[in-house]
Amino acid sequence: MTETAHAGFWTRYVFSTDHKTIGKQYYFTAVVMALFATTWSVLLRLHLAWPDAQWPLFSTLFPGLFQDGVLLPERYLSLVTMHGTVMIFFVVSLALVSGFGNFIIPLQIGARDMAYPFLNMLSYWTIVPACLLMLGSFFAPEGAAASGWTAYPPLSAVPEAGPGSGLGQTLWLLAMALFIASFTMGGLNFITTILNLRTRGMSMFRLPLTTWTLFIASILGVLAFPALTAAAIMLLLDRLGGTSFFLPAGLVFGGEVLPHGGGTPLLFQHLFWFLGHPEVYVLVLPALGIAFDVVAVFGRRPVFGYRTSVWALFVIAVLSMIVWGHHMFVSGMSPYVGEYFSVATVTITAPFAVLAMNLLGSLWRAEIRLHPALLFVLGTIAVVGIGGLGGIFLATATSDMYLHNSYFVVGHFHLMIAVVTFFAIFAGTYHWFPKMFGRHMNATLGKVHFWLTVPTVLVGFIAMHFLGMGGEQRHLYDPSAYEFLRPLQWLNVVISVALLGAAAAQLVFLVNLVHSIFFGARAGANPWEAATLEWTTASPAPHLNWGPDLPVVHRGPYEYRVDGALEGYRPQAAPPGAPAATAVAP
Amino acid sequence: MNDRRRTAEVAALIVLFLGITAFTVVGFLRSWAPPVASQHGAGVDGVITYLLRTTGPVLVLGALVMVVFLWRYARGPRPESPATNARAEFWWSVLPVIGMIAIAEVGVVVVGFPVWEQIYARPPAGAVVIEVTGQQFEWIVRYPGRDGTFGRVAPELVAKPNPAGLDQSDPAALDDIVLNNQLHVPAGQPIDLRLRGRDVLHSFSVAAFRVKQDVVPGILGTTLFAATTPGRYEIACTQVCGMGHYRMRGAVHVHPPLEYQAWLDTQTGWLQQ
């Protein structure tokens with residue numbers, strides 16, 4: 001187990017089994033993938049705001065995507081598809097769940113590593129070819145997949161259906177299959193580690209909420225992803241093996257009747273959303289977990305309603321598995337089934353309200369320190385409110401009749417699974433950076449990043465809701481094709497200006513991130529005076545995390561302001577009877 | 001000095017969060033949707049209005065609580081102790097749960113369900129039956145003709161000159177009227193649309209009617225509506241269907257009933273042309 005500590009470059013940094021190294025590998029893989037996916041979204045937003053403008057430079061830079069300086073319609077759909085797929089699975093899942101999960105779980109529960117270090121390494125090295133396949137699919141003869149991140153057949157099943165339905169779609173499916181394999185390995189590892197490797201005294205109800213949410217998210221992922229695995233394999237067989245899982249008889253392409261029959265496209269939608277909806281919570285719950293941990297540390301008070309939050313997580317987990325059909329209200333599914341899904345879906349409002357209110361309540365009687373990590377948690381709370389309430393409009397079948405597949409949906413899911421998660425990634429990064437690299441990030445740049453990001457990103461995605469109220473549908477290459485949408489075009493300009501600003505603001509974060517790794521101020525073991533276990537070891541945390549003795553836990557994770565004293569807090573590992581540690585006012 | 005800077009920073013945060021809330025509220029107060037032009041559409045708008053009126057105050061209340069907490073607890077003075085108590089935590093959870101469940105379930109069941117029932121009701125006798133087939137990237141519209149019966153169609157017969165795939169050997173097919181991207185309906189009468197697909201998924205939607213229904217190959221879809229206001233409205237495909245998705249556009253012409261009948265009388269069967 002100790003050999004990697006003194007091993008050479010390759011086993012230490014590349015094929016490492018150390019959870020912290022693997023966590024960082026995931027994190028930086030996600031950063032690289034985010035650069036790609038953000039670039040694609042910049043191209044999309046430029047085109048949507050100014051569909052008639054010509055960008056000769058882009059023709060030179062992206063010769064396959066642009067012609068005479070104009071984005072091609074089929075490439076537009078490829079970019080949308082790849083942006084969504086890569087952001088959801090290869091950026092947010094990787095950074096938030098795999099990245100922070102790997103780094104933080106053993107440190108927060110007092111373990112030396114994951115339960116299966118080799119499986120952990122294998123899971124990372126399965127993601128690398130998945131990323132390469134996904135990116136490489138742009139070089140397929142007819143371009144990358146263009147059927148949306150949901151890949152509904154028959155568009156995704158029949159190569160004759162269009163450019164993007166060829167080799168690009170096959171590579172997309174293979175990359176997704178690898179991703180799922182990797183994510184399942186990671187999830188099993190997380191669950192086993194949290195159940196079996198907690199240090200002495202670390203009962204389940206003493207776990208910090210980041211670990212709790214990652215635990216629930218992993219269970220959800222392991223239960224839900226197999227449905228997509230099955231769907232991906234069946235779709236591959238339909239494409240390559242002549243089967244008809246998702247293809248009915250009588251399909252006509254180019255005057256030719258395809259020799260398929262007996263399947264139905266709705267089956268794929270059920271399988272996809274059986275994963276797809278829990279996947280939303282796989283991403284959102286860890287984001288909220290990080291928000292809770294950060295708000296406790298920088299608010300100097302116990303998390304508001306720790307136990308009710310944990311129970312709310314369980315309720316959300318159960319409900320999230322039985323509501324997938326709310327993505328299919330107008331799909332041709334029985335309207336009676338639709339009503340069931342609608343009634344069930346809006347009950348998630350209850351446990352979700354508990355989490356949101358407990359986050360908000362954690363500011364009550366707090367001693368708030370305005371660190372960039374906390375600022376982004378404030379942003380998270382605001383977005384959870386707006387996005388959560390907006391979700392009710394889509395969960396109600398009758399209003400979804402109008403809003404389905406409109407920009408209201410695009411705005412809503414960006415708020416929930418892009419903004420909430422990215423804000424949590426930022427908060428987590430500012431918070432745990434000292435533990436990852438032994439240095440601080442620059443707090444002033446962190447605040448600049450916050451002030452440039454929050455207004456722009458919120459104006460952009462909230463305005464998308466208005467566009468959706470106006471009836472503008474998603475996946476629309478040229479909105480001006482519709483007369484009733486032309487008066488709304490100015491909204492597209494507002495959205496693009498705001499979001500291009502938000503994208504540019506991320507350069508501040510990137511500079512801060514990279515610069516601080518090498519030149520940031522040195523950080524002590526516990527710079528934030530935090531109570532959880534990861535802060536009882538050196539920064540950066542050494543191989544195997546602690547010296548010869550693992551910390552022993554004596555209390556819950558958030559004992560700040562004990563005995564009513566503002567300065568005092570009790571670390572989880574402090575033995576009973578010891579005086580409370582004293583926090584120094586910032 | 002430090003205190004003043006801190007106060008300024010907190011004030012700026014309050015302005016930011018109140019500003020975002022105001023932007024959201026003002027934006028949603030504006031009416032963005034095209035004027036409603038179908039009977040059930042008013043009901044759909046009613047659900048949206050109900051949700052705006054109930055969730056809006058919740059959003060504003062949440063934002064106010066947040067800025068009050070920021071103003072009170074982020075400027076540095078000593079907060080009250082103890083930080084928390086079980087009673088507060090209980091009610092802080094229970095009240096929002098009851099409130100949100102009430103808002104959301106009333107929206108789905110009480111306000112929403114009657115409208116949903118109207119949309120998916122069994123078509124009344126006398127409803128005008130029209131078939132719409134979605135294919136890349138156009139809408140093929142078919143009327144049963146004078147005999148009131150749709151003739152046989154077959155996928156093998158679909159070709160450039162025969163977009164509906166009509167079977168000449170079926171007498172019922174002779175008077176079937178076939179149009180491209182143009183749908184004519186009478187105002188005030190229930191329209192029973194039969195939706196068919198033959199290549200990829202599409203979705204038949206008319207924003208002004210608040211109508212949206214996926215077109216799924218292998219499944220006969222239906223949607224029921226009654227247009228209220230004569231005029232021309234746009235049909236949009238709202239399910240990504242390939243590179244031409246954005247131009248898969250049609251028009252619905254809503255005629256006063258007599259004008260509709262006159263229009264119908266001028267049409268001849270596609271096979272008879």
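Give A:Met87, A:Met185, A:Met114 a once-over and let me know the one that is in a helix (DSSP H, G or I), surrounded by 23 or more Cβ atoms within 10 Å (Cβ to Cβ) and not basic (Lys, Arg). Before the answer, list the steps.
Details: A:Met185 fails: surrounded by 23 or more Cβ atoms within 10 Å (Cβ to Cβ); A:Met114 fails: in a helix (DSSP H, G or I).
It is A:Met87.
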Restricting the range B:228-247 to residues that are charged (D, E, K, R) and either in contact with a Phe, Trp or Tyr (Cβ under 8 Å, 6 or more places away or on another chain) or not assigned by TED's automatic domain parsing to the domain that holds B:Phe204 (or both), the residue that is modelled with the highest pLDDT: B:Glu234
Checking B:Gly134 against (1) in contact with a Cys (Cβ under 8 Å, 6 or more places away or on another chain); (2) at the interface with another protein chain (Cβ under 8 Å from one of its Cβ atoms), the condition it does not meet: (2)
Filtered residues of the range B:31-74 (kept if among the hydrophobic types (A, V, I, L, M, F, W, C), under 30 Å from B:Ile235 (Cβ atoms) and at the interface with another protein chain (Cβ under 8 Å from one of its Cβ atoms)): B:Trp32, B:Ala33, B:Val44, B:Val47, B:Ile48, B:Leu51
Any hit, the range A:123-143, residues being at pLDDT below 95, surrounded by fewer than 22 Cβ atoms within 10 Å (Cβ to Cβ) and within 14 Å of chain B (Cβ to nearest Cβ): yes
Residue in the range A:265-274 that is in contact with a Leu (Cβ under 6 Å, 6 or more places away or on another chain), more than 9 Å from chain B (Cβ to nearest Cβ) and surrounded by fewer than 21 Cβ atoms within 10 Å (Cβ to Cβ) present: no
Some residue of the range A:304-313 being out of contact with any helix residue (DSSP H, G or I) (no Cβ under 8 Å at 6 or more places or on another chain), assigned to a helix (DSSP H, G or I) and either more than 10 Å from chain B (Cβ to nearest Cβ) or charged (D, E, K, R) (or both): no
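Each row is one residue, and each column tells you yes or no for (1) without any contact (Cβ under 8 Å) to a residue 60 or more places away in the chain; (2) under 24 Å from A:Gly299 (Cα atoms); (3) in the same structural domain as B:Val185 (by TED's automatic domain parsing).
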| position | (1), (2), (3) |
| --- | --- |
| B:Val15 | yes, yes, no |
| B:Ile20 | yes, yes, no |
| B:Thr24 | yes, no, no |
| B:Ser38 | no, no, no |
Residue check, A:Ala424 within 30 Å of A:Gln108 (Cα to Cα), surrounded by fewer than 23 Cβ atoms within 10 Å (Cβ to Cβ) and in contact (Cβ under 8 Å) with a residue 24 or more places away in the chain: no
Positions within the range A:401-444 being away from chain B (no Cβ under 14 Å), in a helix (DSSP H, G or I) and more than 30 Å from A:Gly325 (Cα to Cα), in sequence order: A:Phe426, A:Ala427, A:Gly428, A:Thr429, A:Tyr430, A:His431, A:Trp432, A:Phe433, A:Pro434, A:Lys435, A:Met436, A:Phe437
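Across the range A:461-484, what is the number of residues that are among the acidic types (Asp, Glu), part of a loop (DSSP other than H, G, I, E, B) and within 7 Å of chain B (Cβ to nearest Cβ)?
Count: 1.
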Test result for B:Val109, in a helix (DSSP H, G or I), at pLDDT 95 or above and under 24 Å from B:Glu9 (Cα atoms): no
Given (1) in contact with an Asp or Glu (Cβ under 8 Å, 6 or more places away or on another chain); (2) buried (at least 20 other Cβ atoms within 10 Å of the Cβ); (3) polar (S, T, N, Q), index of the condition B:Asn180 fails: (2)
Hits in the range A:433-463 - residues which are closer than 16 Å to A:Leu375 by Cβ and of a type in the set (Phe, Trp, Tyr): A:Phe433, A:Phe450, A:Trp451
The range A:330-379 - residue that is more than 7 Å from every other protein chain (Cβ to nearest Cβ) and assigned to a loop (DSSP other than H, G, I, E, B) and, of those, nearest to the chain's Cα centre (by Cα): A:Ile348
Residue within the range B:220-242 that is without any contact (Cβ under 8 Å) to a residue 24 or more places away in the chain, over 15 Å from the mean Cα position of the chain (by Cα), surrounded by fewer than 24 Cβ atoms within 10 Å (Cβ to Cβ) and within 14 Å of another protein chain (Cβ to nearest Cβ) present: yes
Given (1) facing chain B (nearest Cβ under 10 Å); (2) crowded, with 24+ Cβ neighbours inside 10 Å; (3) not hydrophobic (A, V, I, L, M, F, W, C), index of the condition A:Lys447 fails: (2)
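For the range B:76-99, give me each residue that is assigned to a helix (DSSP H, G or I) and among the small types (Gly, Ala, Ser).
The answer is B:Ala86, B:Ala88, B:Ser93, B:Gly99.
Restricting to the range A:227-255, give me the number of residues that are free of Cβ contacts under 8 Å to residues at least 24 places away in the same chain and surrounded by fewer than 15 Cβ atoms within 10 Å (Cβ to Cβ). So that I can check it myself, show each step before the final result.
Residues of the range A:227-255 that are free of Cβ contacts under 8 Å to residues at least 24 places away in the same chain, as a first pass: A:237, A:241-245, A:248-250, A:252, A:255.
Now restrict to residues that are surrounded by fewer than 15 Cβ atoms within 10 Å (Cβ to Cβ): A:241-242, A:255.
Selection size over the range A:227-255: 3.
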Count of the range B:181-217 residues which are within 11 Å of chain A (Cβ to nearest Cβ), of a type outside the set (Val, Ile, Thr) and under 20 Å from B:Asn162 (Cα atoms): 6
Those residues of the range A:140-182 which are among the hydroxyl-bearing types (Ser, Thr, Tyr) and farther than 19 Å from A:Thr264 by Cα, in sequence order: A:Thr170, A:Ser182
Residue ID - nearest to A:Met357 (Cα to Cα), chosen from residues in the range B:75-118 that are facing chain A (nearest Cβ under 7 Å) and of a type in the set (Phe, Trp, Tyr): B:Trp92
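Evaluate the following for B:Thr24: is it among the polar types (S, T, N, Q) and at the interface with chain A (Cβ under 7 Å from one of its Cβ atoms)?
Working: among the polar types (S, T, N, Q): yes; at the interface with chain A (Cβ under 7 Å from one of its Cβ atoms): yes.
Taking the combined requirement at face value, the residue satisfies it.
Within the range A:381-389, can one find any residue that is among the aliphatic types (A, V, I, L, M), in the same structural domain as A:Leu476 (by TED's automatic domain parsing), free of Cβ contacts under 8 Å to residues at least 12 places away in the same chain and over 19 Å from A:Glu472 (Cβ atoms)? Explain how you work it out, then say what you get.
Of the residues in the range A:381-389, the ones among the aliphatic types (A, V, I, L, M) are A:381-384, A:386, A:389.
Checking the rest, the ones that are also in the same structural domain as A:Leu476 (by TED's automatic domain parsing) come to A:381-384, A:386, A:389.
Now restrict to residues that are free of Cβ contacts under 8 Å to residues at least 12 places away in the same chain: A:389.
After this cut, where a residue has to be over 19 Å from A:Glu472 (Cβ atoms) as well, the list is A:389.
Yes - at least one qualifying residue is present in the range A:381-389.
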Of all residues in the range B:155-180 being in a loop (DSSP other than H, G, I, E, B) and within 33 Å of the chain's Cα centre (by Cα), the one that is nearest to the other protein chains (Cβ to nearest Cβ): B:Val158
Test set (1) under 21 Å from B:Tyr246 (Cβ atoms); (2) part of a helix (DSSP H, G or I) - A:Ala146 fails condition number: (2)
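The values are calculated or read from the model by the stated rules, or taken from the named source; none is laboratory data. Since the model is a prediction, treat every value here as computed from it, not as a measurement. Glycine also receives a Cβ, built like all others from the backbone with ideal geometry; neighbour counts cover every protein chain displayed.
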